[in-house]
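Have a look at the structure below before the remarks.
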Amino acid sequence: MFKQLFFALTASAIMAPAWGATEWMTDFESAQTKAQEENKALLVNFTGSDWCGWCVQLKKELLNTPQFTDYIAPHFIAVEVDVPNNASRVGGEENLMKNRELCRRFSISVFPSVVVMTPTGFVTGGFTGSTGFTAAKAALNAALKNAQALQAAQTLQGAEKAQELLKIYRRLPEDLQDAGATLRDEIVTLDTENTTGMRDTLRAEAELMRIEQQLHQAQTKSIDDAIRIVDEALKTAMPVNRNVLKQAKINFLQEKIYVKLGEAKNVQDIEEVKHMLLHEFVPAIPEADREEVRLQIEREFADPEKVIKEQTGY
């Protein structure tokens, strides 16, 4: 469920000469403006140019071929969002941070991801990973049809519009549905009477996505921060999400305890691990399992000196 996260040329470049007949832009906002002016969809390549082997392969074997660039030229404004390890590849830290924020905004966790969206940021399809021309063209054609349907839906209102948007949302590839959060949120806002029968499901998906984003940021700091976020989320989470969050907390606690046990150097450290197990881990697991797990912990940690010898080897 929780998923894991993550080319411009100069800081001043708005566009970069690119592949074949297609001009791949490197400034997302400028690309949005151009797409709006030319009444085209955006084709966004989320890539990691100096660490993602699949990204390099996709560029060489598909995106850089005349066949592909000739196909996309009439339909799309192409823009590349690169998140390299070396910020100089995108003109510096400021541009790198902008690109990382775009990845966060569109929940990009698979690289490469080639995403079709409207100039206003509604995702309508695309594909992830390395693929060939035939499969890529089919995916992008489907995304273009979704974009056309989305444009038609803008003339509708209320529940009728929500129904049409839901059809588009459900046609998104599964691994790009989180990227379609803007579309999902629009459906929830419009469908006040739950005429689609999907309001709570979509709200639950949106809730989990927000928590995932918070957790992704927290885990770069500490496991304790991640556990705190889950605890706060559990206070107000929709019932359908509670089991997922409870399991996430158990997973984080297991990781925390495993690290503590691996770092243990004396009996006091072992006692702290036992305390964490009894007073943090046991209360987090299903009530029916608590007594059995508690007794197992008491047995395995009955002799802390033996445990530390087993851990340290002396």
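Whenever you get a sec, compute what percent of the accessible area on region 124-221 sits on carbon and sulfur atoms (1.4 Å probe).
Numbers: 2200 of 4780 Å².
Answer for region 124-221 is 46 percent, counting heavy atoms of protein chains only.
Work out the length of the dipole vector of region 217-306 about its Cα centre, built from +1 on the beta-carbon of each Lys and Arg and -1 on the beta-carbon of each Asp and Glu, and round it to the nearest 20 debye.
Working: 14 positive and 18 negative charges, 76 e Å.
Taking the Cα centre of region 217-306 as origin, the dipole is about 360 debye.
Might you report the magnitude of the Cβ-based charge dipole of the chain about its Cα centre, with Lys and Arg at +1 and Asp and Glu at -1, to the nearest 20 debye?
On the way: 35 positive and 45 negative charges, 117 e Å.
About 560 debye.
Could you give each residue of region 295-304 its phi-based ³J(HN,Hα) in whole Hz, using Karplus coefficients 6.51, -1.76, 1.60 with θ = phi - 60°, and x for Gly or Pro?
With coefficients 6.51, -1.76 and 1.60, one gets 5, 5, 5, 4, 5, 6, 10, 5, 10, x Hz.
Where nothing but the Cβ of Lys and Arg (+1) and of Asp and Glu (-1) is charged, how large is the charge dipole of region 162-206 around its Cα centre, in debye to the nearest 20? If you can, show how the numbers build up before the last one.
Values: 6 positive and 10 negative charges, 24 e Å.
So the magnitude is around 120 debye.
Could you state the accessible area per residue of the chain in Å², with a 1.4 Å probe and every protein chain left in place?
Solvent-accessible surface per residue comes out at 53 Å².
For region 20-85, what % of the accessible area comes from carbon and sulfur atoms, probe 1.4 Å? Walk me through the numbers before you get to the answer.
Working: 1270 of 2850 Å².
Summing carbon and sulfur atoms, their accessible area is 45 percent of the total for region 20-85.
Pick out, from Pro66, Val44, Tyr258, the residue whose Cα sits farthest towards the positive end of the charge dipole of the chain, with +1 on the Cβ of Lys and Arg and -1 on the Cβ of Asp and Glu.
Pro66
Using a 4.7 Å cut-off between beta carbons, which cysteines in the chain end up with no partner cysteine at all?
Cys103
Between region 138-189 and region 35-75, how many Å separate their Cα centres?
Centre-to-centre distance over Cα atoms comes out at 22 Å.
Would you mind checking the pairs Lys59/Lys249; Lys161/Lys221; Lys40/Lys167; Lys235/Lys274; Lys40/Lys161 and listing those with alpha carbons more than 30 angstrom apart? Please report the intermediate quantities before stating the final value.
Details: Lys59/Lys249 39 Å; Lys161/Lys221 42 Å; Lys40/Lys167 21 Å; Lys235/Lys274 27 Å; Lys40/Lys161 22 Å.
Violating the 30 Å Cα-Cα cut-off are Lys59/Lys249; Lys161/Lys221.
The values are calculated or read from the model by the stated rules, or taken from the named source; none is laboratory data. On a predicted model such as this, the values are computed, not experimentally measured, just so you know. Using ideal geometry, Cβ is built from the backbone for each residue, glycine included, and neighbour counts are taken over all protein chains shown. SASA here: full protein model, heavy atoms, side chains in, ligands and nucleic acids out. Shrake-Rupley method; radii C 1.70, N 1.55, O 1.52, S 1.80 Å.
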